[in-house]
Number of protein chains: 2
Amino acid sequence: MTNPVLVEVTRGNVVESAHRGAVAVYEADGKPLLEIGDTARPVFPRSAVKAIQALPFVESGAADAYGFGEKELALSCASHSGEPEHVELARSMLAKAGLDETALECGTHWPSNHEATIALARSGGSPGALHNNCSGKHSGFLCTCRHLGIDHRGYVAAGHPEQEMVREAMESVTGAVHDAEHRGTDGCSIPTYAVPLRSYALGFARMVTGKGLPPERAKAAQRLLKACMAEPFLVAGTDRADVALMQAAPGRIFVKTGAEGVYCAAVPELGVGISLKCDDGASRGAEVMVAAVLSKLLKTDGTLAAKLTELANPALENRKGLKVGALRPAGALA
Amino acid sequence: MTNPVLVEVTRGNVVESAHRGAVAVYEADGKPLLEIGDTARPVFPRSAVKAIQALPFVESGAADAYGFGEKELALSCASHSGEPEHVELARSMLAKAGLDETALECGTHWPSNHEATIALARSGGSPGALHNNCSGKHSGFLCTCRHLGIDHRGYVAAGHPEQEMVREAMESVTGAVHDAEHRGTDGCSIPTYAVPLRSYALGFARMVTGKGLPPERAKAAQRLLKACMAEPFLVAGTDRADVALMQAAPGRIFVKTGAEGVYCAAVPELGVGISLKCDDGASRGAEVMVAAVLSKLLKTDGTLAAKLTELANPALENRKGLKVGALRPAGALA
């Protein structure tokens, strides 16, 4: 099955490039509200499921034991831009558990925020593991290990108790088997499993409603999504699409990007979960898709829908800041 | 017409993402050697045609008048990475024409080479127009204007004599009409025109053989392509695919990338031109496509074909340098 074109990139009057993809919108009882393209194909969710991966951090009591509030919960679900606020919060989470950045096994990269990279270089600094966009999630993993008395060394490996807890959470929430055959290694070295795209939509419908989840898990899920919606900057960073989308309607939209063009999202008032994948892995395509889907789902709120439509139609500027083109939803999302 | 998948991106045993595209390989007499996908659709060539855009710089006598050799010719066809060698050479070209970087109208951006950006920031510097990846091309434009006594101000605008010379060269070499309806503005603010993808393959077959071009133009074309093949670093930069491809067989392969997943290329010994577009605009997809096409065309040279096949199958590493996946040619390019 060939997925349809869902985003067009224009320059002048010409369509220059296009992005294909698949979209699933589900209710918590398993009812599909919208399906575009092949939603049965296994897809790596990458970072789009960090909120599910953070469930053991809350359920284990670790987050409460260390006195963490919404900021820390948001950061544990984040793909942050490595800005000072993100770095310092991750550092403080580790410190509460008696650890420092040497415990992180996520690898090192320069901040994805360009200004943060320039500032770090100007100050004579170099990036460490705290700048890694996954350092908040990994800090949550490490706090969970410490709280439960588990040896945290090697916590990124498949089979380590931390990753087994994460896999159990992923399976139970999405209802999809996570097997070794569909296992890959994520950018931050933890296992990632490819399961049908639609499973993530169902999973986030359960996360946002609590329906179909055990009571403690339902509570943890809602705490995590609420924290992300309350602290969108900590989930992403300056000028990031996730922040713009969550700030468009505070507390009413949850979104989370993942590498290779994935999004998971949820709309509490509708009780639905959303998952989508841009076939070619482009973030810009996935960002337009998720904004367009949200605009459709929330169309009865005209003001909000207009805001979301604007986010689904970003202008393309050139090196001199001239508007030379745009991205726009196409096909079933037009 | 839906273009086929030509590149797959794997993680573990799973295909995570895929890139579709179209490819044209032509001889100078207009005979197609290979066509994959829709090669009649108008495509913006972006920077992939800089060697054609540089023809007036050579034909006008400007390059010779200022004493430029292969290095300057290569830079005039470059999308360089903003490394010190690129910046200083562009500066020296402008100086020969009595100009400095304030004459450049390409806009400013940080070097695309990450190390160059970090070094510039660490030194307390900021990027200028010379760091723009197009500063060599624009320096060529400016030298042409100065040599011909044309007022260079506004040289990036459609209708300026410089851009009229460029448009005439593009039309004459590709044989395709460049009209206002298919005009867009490029990243560096000059006009870019969308014409059928296959026209660029034909154009580069003419460029590399000289066939079908007036004698002076044929000479200029071959000087420019030879200069690029002799100085691949100046055409691109550190760790760039264009350098790896041209260095794989010095003097035997010309390639030039363009934004939004375009490549133009030529193989002198076969007398063919190549053009391709990755539908979604991804450079990584286009890079695999061009390496795979070259490997097929040059398969009778087993050693070279093996090198090109290796370049067509790059590994994907994660933040810790672990090999987590790969890109590979697919479908008609497998």
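The values are calculated or read from the model by the stated rules, or taken from the named source; none is laboratory data. Because the structure is predicted, anything quoted here is derived from the model rather than measured. Every residue, glycine among them, receives a Cβ derived from its backbone with ideal geometry; neighbour counts consider all protein chains shown. For accessibility, only protein heavy atoms count, side chains too; no ligands or nucleic acids. Shrake-Rupley method; radii C 1.70, N 1.55, O 1.52, S 1.80 Å.
Is one or more of the residues making up region B:140-149 surrounded by fewer than 23 Cβ atoms within 10 Å (Cβ to Cβ) and within 14 Å of chain A (Cβ to nearest Cβ)? For region B:140-149, residues surrounded by fewer than 23 Cβ atoms within 10 Å (Cβ to Cβ) and within 14 Å of chain A (Cβ to nearest Cβ): absent. For A:Gln247, the criteria (1) under 20 Å from A:Leu298 (Cβ atoms); (2) surrounded by 24 or more Cβ atoms within 10 Å (Cβ to Cβ); (3) away from chain B (no Cβ under 14 Å) hold in every case but one, which is (2). Among the residues of region B:308-330, are any touching a His at 6+ places or on another chain (Cβ under 7 Å), of a type outside the set (Asp, Glu) and free of Cβ contacts under 8 Å to residues at least 12 places away in the same chain? Checked against the condition, which is being touching a His at 6+ places or on another chain (Cβ under 7 Å), of a type outside the set (Asp, Glu) and free of Cβ contacts under 8 Å to residues at least 12 places away in the same chain, region B:308-330 yields at least one hit. Quick one: in region B:18-38, which of the residues that are of a type outside the set (D, E, K, R) and in contact with a Cys (Cβ under 8 Å, 6 or more places away or on another chain) is nearest to the other protein chains (Cβ to nearest Cβ)? Filtering first and then ranking leaves B:His19.
Where strands (runs of 3 or more DSSP E) fall wholly inside region A:1-83, the ranges with 3 or more residues that are of a type in the set (D, E, K, R) are A:14-27. Candidates are the residues of region A:254-297 that are closer than 19 Å to A:Pro32 by Cα and charged (D, E, K, R); the one that is surrounded by the most Cβ atoms within 10 Å (Cβ to Cβ) is A:Lys277. Among the residues of region B:184-213, which ones are among the charged types (D, E, K, R) and either more than 14 Å from chain A (Cβ to nearest Cβ) or surrounded by fewer than 19 Cβ atoms within 10 Å (Cβ to Cβ) (or both)? Scanning region B:184-213 gives B:Arg198, B:Arg206, B:Lys211.
Among the candidates A:Glu168, A:Glu164, A:Glu181, A:Glu216, single out the residue that is within 14 Å of chain B (Cβ to nearest Cβ), part of a helix (DSSP H, G or I) and open to solvent by 40 Å² or more (accessible area, probe 1.4 Å).
A:Glu181
Determine, yes or no, whether B:Arg41 is within 14 Å of chain A (Cβ to nearest Cβ), charged (D, E, K, R) and within 25 Å of B:Pro314 (Cα to Cα). No.
I'd like the residue in region B:48-79 that is hydroxyl-bearing (Ser, Thr, Tyr) and surrounded by fewer than 24 Cβ atoms within 10 Å (Cβ to Cβ) and, out of all such residues, is farthest from the chain's Cα centre (by Cα). Walk me through how you get there before you give the answer.
First, the residues of region B:48-79 that are hydroxyl-bearing (Ser, Thr, Tyr): B:60, B:66, B:76, B:79.
With the extra rule that they be surrounded by fewer than 24 Cβ atoms within 10 Å (Cβ to Cβ), the set shrinks to B:60, B:66.
Numbers: B:Ser60: 22, B:Tyr66: 24 Å.
Here the answer is B:Tyr66.
Taken as a whole, region B:117-134 holds at least one residue that is out of contact with any strand residue (DSSP E or B) (no Cβ under 6 Å at 6 or more places or on another chain), over 17 Å from B:Glu88 (Cβ atoms) and not small (Gly, Ala, Ser). Taken together, the residues in region A:298-334 that are surrounded by fewer than 21 Cβ atoms within 10 Å (Cβ to Cβ) and in a helix (DSSP H, G or I) amount to 11. Kindly indicate whether any position in region B:2-9 is surrounded by fewer than 18 Cβ atoms within 10 Å (Cβ to Cβ), under 23 Å from B:Ser283 (Cα atoms) and among the polar types (S, T, N, Q). Yes: region B:2-9 contains one or more residues that are surrounded by fewer than 18 Cβ atoms within 10 Å (Cβ to Cβ), under 23 Å from B:Ser283 (Cα atoms) and among the polar types (S, T, N, Q). Total residues in region B:90-118 satisfying the condition of being within 18 Å of B:Gly237 (Cβ to Cβ) and either away from chain A (no Cβ under 11 Å) or open to solvent by less than 60 Å² (accessible area, probe 1.4 Å) (or both): the figure is 13. Can you name the condition, by its number, that A:Cys143 falls short on among (1) under 19 Å from the mean Cα position of the chain (by Cα); (2) assigned to a helix (DSSP H, G or I)? Going through (1) under 19 Å from the mean Cα position of the chain (by Cα); (2) assigned to a helix (DSSP H, G or I) one by one, A:Cys143 breaks only (1).
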